[in-house]
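So the structure is just underneath, and the comments pick up after that.
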Amino acid sequence: MRGRFITLEGIEGVGKTTQVATVRATLEALGRRFHGTREPGGTPLAEDIRALVLAPRIEPVPGSAELLLMFAARAVHVANLIEPTLAAGQDVVCDRFTDATYAYQGGGRGVPAAAVAALEAITHGGLQPDLTLLLDAPPALALQRANRRSAADRFEAETLAFFERVRAAYLARAVAEPQRFVVVDAAQPLAAVSAAVARAVQTAVVTWTHGPVP
Ligand code: T5A
């Protein structure tokens, strides 16, 4: 049986990487096989593109160039890792996917959504996440968490207003596609966020296995 595709989304520092472990533990407790990955990245070539696109630069990087680099990495990732892993019956849990492009290049940089949609159709027309966990928190709080760690990459150096636009774009996508999005309040303490993530994954697995709960 084909695996399921689960994505984690949200602005920097909301706890996506931390919550991959919760998703893994929940899936494995339910007897499912897990493969974790991330975007941009996930394969050697896609990780090379990640390094190019995240590195701080003096030269301006237009939103259109970011858009093309994100989808170049994604095309490799989908073809070489995501699709074969799903076909082999493993669940793929991805730290960011195309919703991030709508949010960052679309909401953040102002690239038209139609341009994102056109590249989405070329890159993974038939593949959409079965479940998207949107971890939502005010940018001031999330960036404070993110900044406790290593030096800022090119995105982390952006303004609070940029992250407010990215957050709004994410929330608009969750409203537009409620069948696959679960919005989790990521401002809560870690244990509460983990519990909400585990519940969302359990509910999704029950639905995939037995159909919608009446
Ligand atoms: N990008 C990506 C695009 O522009 N377009 C695209 O299409 C794609 C795919 C990727 C960058 O690329 C951009 C978006 C990004 O800017 P990244 O490093 O992969 O960069 O992603 P980040 O979001 O930057 O990853 P972070 O590691 O910063 O954020 P996370 O994963 O959300 O947060 P996490 O889990 O590392 O947690 C941050 C800190 O907070 C603590 C953790 O312990 C950690 O110290 N924490 C909490 N503390 C208190 N309460 C909680 N509930 C907590 N949860 C976590």
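Residues in segment 144-164 that are assigned to a helix (DSSP H, G or I), open to solvent by less than 60 Å² (accessible area, probe 1.4 Å) and within 9 Å of the ligand (Cβ to nearest atom): 146 only. Contact annotation: no residue pair with Cβ atoms under 6 Å, 6 or more positions apart or on different chains, pairs a residue in segment 62-90 that is more than 18 Å from residue 126 (Cβ to Cβ) and part of a loop (DSSP other than H, G, I, E, B) with a partner that is at pLDDT below 95 and charged (D, E, K, R). Residue pairs whose Cβ atoms lie under 6 Å apart, sitting 6 or more positions apart in sequence or on different chains, and linking a residue in segment 36-58 that is within 10 Å of residue 94 (Cα to Cα) and open to solvent by less than 50 Å² (accessible area, probe 1.4 Å) to a partner that is assigned to a loop (DSSP other than H, G, I, E, B) and within 11 Å of the ligand (Cβ to nearest atom), are 39/96; 39/97. Put simply, of 202, 128 the only residue that is in contact (Cβ under 8 Å) with a residue 12 or more places away in the chain, of a type outside the set (Gly, Ala, Ser), open to solvent by 50 Å² or more (accessible area, probe 1.4 Å) and more than 16 Å from the ligand (Cβ to nearest atom) is 202. Scanning segment 13-35 for residues that are more than 14 Å from the chain's Cα centre (by Cα) and touching a residue at least 60 places away in the same chain (Cβ under 8 Å) yields 22, 24, 25, 26, 27, 30, 32. Filtering segment 15-35 to residues that are more than 16 Å from residue 79 (Cβ to Cβ), open to solvent by 50 Å² or more (accessible area, probe 1.4 Å) and either of a type in the set (D, E, K, R) or not in a helix (DSSP H, G or I) (or both) leaves 24, 28, 30, 31, 32, 33.
The residues on offer are 197, 183, and the sole one that is farther than 27 Å from residue 71 by Cα and crowded, with 19+ Cβ neighbours inside 10 Å is 197. When segment 66-82 is examined, which residues are found to be more than 16 Å from residue 47 (Cβ to Cβ) and in contact with a strand residue (DSSP E or B) (Cβ under 9 Å, 6 or more places away or on another chain)? Result: no residue meets the conditions. Of all the numbered requirements in (1) open to solvent by 40 Å² or more (accessible area, probe 1.4 Å); (2) assigned to a loop (DSSP other than H, G, I, E, B), residue 114 misses one, and that requirement is (2). For segment 39-56, which residues satisfy the criterion of being over 21 Å from residue 11 (Cα atoms) and assigned to a loop (DSSP other than H, G, I, E, B)? Across segment 39-56, the qualifying residue is only 43.
Matching residues to (1) closer than 30 Å to residue 138 by Cβ; (2) within 16 Å of the ligand (Cβ to nearest atom):
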residue	(1), (2)
3	no, no
6	yes, yes
16	yes, yes
21	yes, yes
25	yes, yes
37	yes, yes
40	yes, yes
43	no, yes
46	no, yes
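A single member of 10, 63, 3, 42 is small (Gly, Ala, Ser), closer than 21 Å to residue 168 by Cα and touching a strand residue (DSSP E or B) at 6+ places or on another chain (Cβ under 9 Å), and it is 10.
The values are calculated or read from the model by the stated rules, or taken from the named source; none is laboratory data. Note that the structure is a prediction, hence the values are computed from the model and not measured. Every residue, glycine among them, receives a Cβ derived from its backbone with ideal geometry; neighbour counts consider all protein chains shown. Side chains are part of the model used for accessible areas, which takes the heavy atoms of the whole protein and leaves out ligands, DNA and RNA. Shrake-Rupley method; radii C 1.70, N 1.55, O 1.52, S 1.80 Å.
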